[in-house]
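Read the structure below first, then the notes.
The values are calculated or read from the model by the stated rules, or taken from the named source; none is laboratory data. No experiment lies behind these values; they were computed from the predicted model shown. Note: ideal-geometry Cβ built from the backbone for every residue, glycine included; neighbour counts use all protein chains shown. All accessible areas refer to the heavy atoms of the entire protein, side chains included, with ligands and DNA or RNA removed. Shrake-Rupley method; radii C 1.70, N 1.55, O 1.52, S 1.80 Å.
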Amino acid sequence: SSAASDVYKRQIEVCAKVAQGENLLICSSSLILPNMVGIELDDEVLAYYDIAKEYGHTIISYQPMNAQGLAWLNKTALTGKEIPLSKVMTDPGWVCVGFGSELVVTTMDTVNNKALIGDENYQPPMITAPCNAWLNRETWNKFEEWGSEVERGTAFECATAAAALASGAHILAM
């Protein structure tokens, strides 16, 4: 792993240790996962599971628009690292309404349906981040004919939140 990722990992561990008992949400992701389900996760990804477990925090399995990848990350947390279900969450990688959110809705449908039939790897609650709507240029570009950036951005975030809730999200990061 790179020196920068080692520093970042150390920062996460220090924060987790200082905040022990506060139940931080620690995100774990592998961007190589979509094409490589079944290979071993690298040590950098697994380190976040270990940090969350050691200090009693919650791990978020983040895998954008990939239900199989989410299940694999959850299985790693639940069975591989023996993290209790109450300390695992799923993030399907929500995007702003109008910018591919229908792909995330499909992923969330898959996760919800598999959870309903009892697949434990799809049981953790879903968290999404409608606040990411502010990253889209349509929310913050200064085009007077489009109205206020604050009103436009807030409208995008609220519409994104409504779509996420309607699709089965349990927690929203606003």
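Here are a few things to note about the model shown:
- Ala173 being buried (at least 18 other Cβ atoms within 10 Å of the Cβ) and touching a strand residue (DSSP E or B) at 6+ places or on another chain (Cβ under 9 Å): no
- The sole residue among Asn141, Asn74, Asn66 that is of a type in the set (S, T, N, Q) and either in contact with a Cys (Cβ under 7 Å, 6 or more places away or on another chain) or without any contact (Cβ under 8 Å) to a residue 24 or more places away in the chain (or both) is Asn141.
- Checked against the criteria, Ala129 counts as within 15 Å of the chain's Cα centre (by Cα), at pLDDT below 90, buried (at least 16 other Cβ atoms within 10 Å of the Cβ) and closer than 30 Å to Thr76 by Cα.
- Considering Glu102, Glu144, Glu157, the condition of being acidic (Asp, Glu) and touching a helix residue (DSSP H, G or I) at 6+ places or on another chain (Cβ under 7 Å) is satisfied by Glu157 alone.
- Options Tyr48, Tyr55, Tyr8; residue that is open to solvent by 80 Å² or more (accessible area, probe 1.4 Å), at pLDDT 75 or above and of a type in the set (Ser, Thr, Tyr): Tyr8
- Residue that is out of contact with any Ser or Thr (no Cβ under 6 Å at 6 or more places or on another chain), farther than 30 Å from Ala162 by Cα and not aliphatic (A, V, I, L, M), where the choices are Glu54, Glu102, Glu44: Glu54
- Each residue in the range 153-162 was checked for being open to solvent by less than 30 Å² (accessible area, probe 1.4 Å) and not β-branched (Val, Ile, Thr), and 3 pass.
- For the range 77-103, a residue qualifies if it is of a type in the set (D, E, K, R) and more than 19 Å from His170 (Cα to Cα), and the qualifying residues are Lys81, Glu82.
- Restricting attention to the range 9-30, the residues that are of a type in the set (Lys, Arg) and in contact with a Phe, Trp or Tyr (Cβ under 8 Å, 6 or more places away or on another chain) total 2.
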